[in-house]
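Undergrad: Okay, handing you the structure first.
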Amino acid sequence: MTPDRILRIAVIGTGPAGMYATEHLIEDRNLNVEVDLFERLPTPWGLIRGGVAPDHPEKKLIVERLFDYFFKHGCVRYFGNVEVGVHVQPRELARWYDAVIYAVGASDDVRLGIPGEGLPGSVSAREFVAWYNGDPDFSHLDVDLSHPRAVVVGNGNVALDVARILTAPVADLEKTDITDHALRALKASAVKEVVILGRRGISQAAYHNPELEEIGHLDGVTVVVEGDDASPPNVDWATRRKLETLRELSAQSTRAAERRIVFRFLCSPVEMLGEHKVEQLRVVQNTLEPVSNGTLQARPTGKRLFIDTGLVMRSIGYRGTPIPGLPFDDALGVVRHIEGRICDDQGAVLGNYVTGWIKRGPRGIIGTNKKCARDTLRCLIEDLQAGRLTPAELRSTEVLQEIKARQPEAVLRPGWLRLDHAERTAGRAQGRPRVKFTEREEQLTLAAEG
Amino acid sequence: MAYVITAACVADYSCVEICPVDCISPGPDETGFEEAEQMYIDPRRCIDCAACVEACPVLAIFEDDCLPATMRHYAEINREYFGERSA
Ligand SMILES: Cc1cc2nc3c(=O)[nH]c(=O)nc-3n(C[C@H](O)[C@H](O)[C@H](O)COP(=O)(O)OP(=O)(O)OC[C@H]3O[C@@H](n4cnc5c(N)ncnc54)[C@H](O)[C@@H]3O)c2cc1C
Ligand SMILES: NC(=O)c1ccc[n+]([C@@H]2O[C@H](COP(=O)([O-])OP(=O)(O)OC[C@H]3O[C@@H](n4cnc5c(N)ncnc54)[C@H](OP(=O)(O)O)[C@@H]3O)[C@@H](O)[C@H]2O)c1
Ligand code: SF4
Ligand code: SF4
C-alpha cells in the first residue's frame, strides 16, 4: 500500500450505520478516502428520518450536529434514489471501488404467522411508522382508525412509539414533522384505547425506561396494567425502574381520561377474526417457563380471550432482506459475514463489508451502530494493510457517468439540499421543523434544479 | 455538582471519548454497552469541565441544577447506575 493511495469506498445506505462508517473513514488520519453514499430513497438518514418518532425531535439533532458534516464533506458524494440490486449490482460495485460497505438496515418485518393475519386491519408497525414518517413507498397505506380499540403486539420500543402516536394529542403532533396524511387520519381517529400485548411478563419487556416514562407524560392518556402483577425479587436495576414506573402510572389511573393505554402481559395472539376485515383478536394466556439458556419463555395455557378491535399492529421485530448477489443468512435475516467481512461458502468475499442492522440483526439504538461500524472498519483496514483489496477500476468521474446512465433520476447532494430546504421552508410557515414531501415524484421535482 | 445524562441519549459515546477523567459509562468496550439504554456520568468523579455538553450530538447532557423539569430525576438515575454497578 502506498501511503498516498486514494481509497475509493462505496457506502450503501445512509442510516446511522452508513453515516458512522463514513465518519470513521473520514476521521482516520492514516487514510486518504473518497466516499460515495448510495441510498435507495431520494432522501438520506435511514431510520433517523424514517423511524425515529416525530415527537422525538431531539434525537434527530444528530443529523445537523453530526451526520450533515460528513455528508457535506468534500470527499463525500451522494447518490440518492439509486438502489443497489436494481440500478447497480454488488459485483459491479466490487469492481468500481476499492471496498464496499453495506449498511442497508432491515427492510422487512417479522410476521406473527397466525390465521387471519392477511385481513385488512392487520398491519405491521414498520409500515405504520413508514407511513407517518413519510417513506414515499408507504404514503398510501390504508390505516383504519375507525374502531375505538387498537391492539399493538410486542413489548419493544417500537411498540411504545406506535402506541404513543396513536394516543398523543393531535395538537402536540401538529408541532412535529409527522406527515400531513398521518395528521389528517389521526385527527379523525376513533381510537380511544390501545392494548399493548406482551407475550411474556412485566419483567421481561424489551422497552427502555425513558420510553416507558414518556407514556406517563401523554396528556389525556391513562395507563392500565393487566395480566401480570408479579414483583419478582431478583430483577436488575433497569427492570426495577420499569416496574416502579408502571406501578406509579397504574396507581394514577382514572376513568375520566380521554384515552387509555393498556399494558396486557402474558398474552399471545392466536387468530385474527372478521369477515372482510379484522373485527376481533383471539389471544391465549401464557405462563413463563425457564429454558436452558437461563431465560424465561412464554408457554400457552388453555385460557382464551377475545379482544374486539379494528386494527392489529404487529411490532415484533424488523427483518433484513437479501440483496441479490450477496450471501444471506435466512435464519437470522442478515448478510452472511464474519466480524463484518462478507463471507460465502468459500470464505471472505474480499473488499465487501457489512455494518448496522444488516450485520447484527434489528437490535440496538443509534449509537450501537457507531461501535459496529468501527469494528467493521478495523477489518477493512487490516485487509488494506495486508494488500487484500483490489484497486478500484473506475475513476470517480466514470462512476458518476455510470450512475447517471443507469438512473437518470439520481438525486445528488445539491438535489437533496434543495429538497431539504423546501421542506424546512414549508415547515417554518407552520411553526414545524419541516413539512415532509411524501410522493417520490414531488420529491424528485423539488430536488431537480431550477 | 456534576453533569447529568438525560433521556435523549442515543449511546453514541462521543462524551466518553472526550471526558478527561473517564467518568462516563458504559463505553463501547465495556460489558453492557450493547444493551445499555443510555450512558451515565459518575457524579463523584465528574470535574464539571462541560466538555461533554458540546460533544453530545443530541444535547442530552445538563448541569444537575439546570435539568429540565421532566428530567430532574436523572441526576439520581446517573448516580444510581454506578451504585448498582459496584454493588
Ligand atoms: C421505528 C423505530 C424508531 C427508532 N427510534 C430510535 C430512537 O428514538 N433512538 C435510537 O437511538 N434508536 C432508535 N431506533 C433504532 C435505530 O433507528 C437503528 O439502530 C438504526 O437506524 C439502524 O441503523 P442502520 O443504518 O443499520 O439502518 P437504517 O437506519 O435502516 O438505514 C438503512 C438505509 O439503507 C437504505 N437502503 C436499504 N436498501 C438499500 C439498497 N438496496 N440500496 C441503497 N440503499 C438501501 C435505506 O433506505 C436506509 O436509508 C429506532 C428504530 C425504529 C425501527
Ligand atoms: N426510542 C428508542 O430508543 C427506540 C425506539 C424504537 C426502537 N428502538 C430500538 O430498535 C430496536 C428494535 O425495536 P423493536 O421494538 O422492533 O424490537 P425489540 O426491542 O426486539 O422488541 C420486540 C418485541 O416483540 C416481542 N415478540 C417477538 N416475537 C413475538 C411473537 N411472535 N409474539 C409476540 N411477541 C413477540 C418480543 O418479546 P420477547 O422478549 O418475548 O421476545 C419483544 O417484546 C430495539 O433495539 C430498540 O431499542 C429504540
Ligand atoms: S463535565 Fe467534564 S468531567 Fe464531567 S462528565 Fe462531562 S466531560 Fe467528564
Ligand atoms: S454524547 Fe450524548 S448521546 Fe452520545 S453517549 Fe454521550 S450523552 Fe449519550
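Undergrad: Any idea what % of Cα-Cα pairs in the protein assembly as shown are farther than 30 Å?
TA: The calculated P(r) of the protein assembly as shown puts 53 percent of pairs beyond 30 Å.
Undergrad: Another question, if that's okay. For B:Tyr3, what accessible surface area do you get with a 1.4 Å probe? Give it in Å², rounded to 10.
TA: It works out to around 30 Å².
Undergrad: Just give me a number: lysine pairs in the protein assembly as shown, eight or more positions apart or cross-chain, with C-alpha atoms less than 24 Å apart.
TA: Count of close lysine pairs: 25.
Undergrad: In the protein assembly as shown, which cysteines lack any other cysteine Cβ under 4.7 Å from their own?
TA: When partners are defined as cysteine Cβ atoms under 4.7 Å apart, the protein assembly as shown leaves A:Cys75, A:Cys267, A:Cys343, A:Cys372, A:Cys379, B:Cys9, B:Cys19, B:Cys23, B:Cys46, B:Cys49, B:Cys56, B:Cys66 without one.
Undergrad: Test of understanding: what is the full-extension gain from A:Asn293 to A:Val86, defined as 0.36 nm times their sequence separation minus their Cα-Cα distance? It would help to have the intermediate numbers written out before the result.
TA: Working: separation 207, 0.36 × 207 = 74.52 nm, distance 4.15 nm.
Residue separation times 0.36 nm, minus the Cα-Cα distance, leaves 70.4 nm.
Undergrad: Ok, one more. Kindly report, to the nearest 10 Å², the accessible surface of A:Arg336 as traced by a 1.4 Å probe over protein heavy atoms only.
TA: 80 Å²
Undergrad: Can you list residues from other chains, or at least 5 along the same chain, whose modelled amide H is less than 5 Å from the amide H of A:Asp109?
TA: Residues meeting the criterion, in which the H sits 1.01 Å from N, are A:Arg319.
Undergrad: Oh, and also: Can you give the % of DSSP beta bridges in chain A that are antiparallel, to the nearest 5?
TA: Among the beta bridges of chain A, antiparallel pairing accounts for roughly 40 percent.
Undergrad: For peptide A:215-223, what's the mean number of Cβ atoms from other chains within 10 Å of each residue's Cβ?
TA: Numbers: counts 0, 1, 1, 0, 0, 0, 0, 0, 0.
Going residue by residue through A:215-223 and averaging, the value is 0.
Undergrad: Estimate the FRET efficiency between A:Ala256 and A:Glu226 by the formula 1/(1 + (r/R0)^6), using the beta-carbon distance for r and 25 Å for R0, to the nearest 0.05.
TA: 0.85
Undergrad: Quick one: what are the phi-derived ³J(HN,Hα) couplings along region A:216-225, Karplus 6.51/-1.76/1.60 with θ = phi - 60°, whole Hz, x for glycine and proline?
TA: x, 8, 6, 5, x, 10, 10, 10, 10, 10
Undergrad: Okay, next question. When only C-alpha pairs under 8 Å and at least 6 residues apart count, what is the relative contact order of region A:202-311, in percent?
TA: Relative contact order of region A:202-311: 22 percent.
Undergrad: Right, next: Dividing the alpha-carbon radius of gyration of region B:3-81 by 2.2 N^0.38 Å (N being the number of residues), what value is obtained?
TA: In units of the 2.2 N^0.38 Å rule of thumb, it is 0.97.
Undergrad: Calculate the length of the line joining the C-alpha centroid of region B:26-87 to that of region A:254-319, in whole Å.
TA: Region B:26-87 and region A:254-319 have Cα centres separated by 35 Å.
Undergrad: Okay, next question. Quick check: the distance between the Cα centres of region A:129-144 and region A:366-396, to the nearest angstrom?
TA: Spelled out, the Cα-based centre of one part sits 35 Å from the other.
Undergrad: Per the Kirkwood treatment, what hydrodynamic radius in Å, one decimal, follows for region A:258-387 from the mean inverse distance over all distinct Cα pairs?
TA: Across region A:258-387, the inverse of the average 1/r is 18.7 Å.
Undergrad: Taking the simple approach of a point 7 Å from Cα along Cα-to-Cβ for both A:Glu393 and A:Val270, what is their distance in nm?
TA: Between A:Glu393 and A:Val270, the simple spin-label model gives 5.8 nm.
Undergrad: Below 8 Å between Cα atoms, with a sequence gap of 6+, how large is the relative contact order for chain A in percent?
TA: On the way: 928 pairs, mean separation 100.1, N = 450.
Result for chain A is 22 percent.
Undergrad: Please state, to two decimals, what the Cα-based radius of gyration of region A:111-316 comes to when divided by 2.2 N^0.38 Å (N = residues).
TA: 1.01
Undergrad: Please turn the phi angles of region A:319-329 into ³J(HN,Hα) values with the Karplus equation 6.51 cos²θ - 1.76 cosθ + 1.60 (θ = phi - 60°), one per residue in order, whole Hz, x for glycine and proline.
TA: Computed from phi, the couplings for region A:319-329 are 8, x, 10, x, 9, x, x, 10, x, 10, 9 Hz.
Undergrad: Something else about it: Where the centre of each part is set by its Cα atoms, how far does region B:1-21 sit from region A:1-72, in angstrom?
TA: If you average the Cα positions of each part, the centres end up 22 Å apart.
Undergrad: How would A:Lys60, A:Lys277, A:Lys72, A:Lys370 rank on accessible area, largest to smallest, probe 1.4 Å?
TA: I get A:Lys72, A:Lys277, A:Lys60, A:Lys370, largest accessible area first.
Undergrad: Restricting to region A:111-316, compute how many DSSP beta bridges are antiparallel as a %, nearest 5.
TA: 40 percent
Undergrad: What residues have an amide H closer than 5 Å to that of B:Tyr40, excluding those fewer than 5 places away on the same chain, when H is modeled at 1.01 Å from N in the peptide plane?
TA: When sequence neighbours closer than 5 places are left aside, the close amide H contacts are B:Ser25.
Undergrad: Once amide H atoms are built 1.01 Å from N in the peptide plane, which residues 5 or more positions from A:Val195, or in another chain, come under 5 Å H to H?
TA: Placed amide hydrogens put A:Ala150, A:Val151, A:Val152, A:Val262 under 5 Å from A:Val195.
Undergrad: Please list 3J(HN,Hα) in residue order for region A:65-77, calculated via the Karplus relation 6.51 cos²θ - 1.76 cosθ + 1.60 where θ = phi - 60°; whole Hz, with x for glycine and proline.
TA: Here the 3J(HN,Hα) series is 8, 9, 5, 4, 4, 7, 4, 8, 4, x, 9, 10, 10 Hz.
Undergrad: Still on this structure, I have one more. What does the structure give for A:369-379 when I average, per residue, the other chain Cβ atoms found within 10 Å of the residue Cβ?
TA: Per residue, the number of nearby Cβ atoms from other chains is 2 on average.
The values are calculated or read from the model by the stated rules, or taken from the named source; none is laboratory data. Predicted, not measured: the structure shown is a model, and the values here were computed from it. FYI the Cβ positions are ideal-geometry reconstructions off the backbone, even for glycines, and counts take in every protein chain you see. All accessible areas refer to the heavy atoms of the entire protein, side chains included, with ligands and DNA or RNA removed. Shrake-Rupley method; radii C 1.70, N 1.55, O 1.52, S 1.80 Å.
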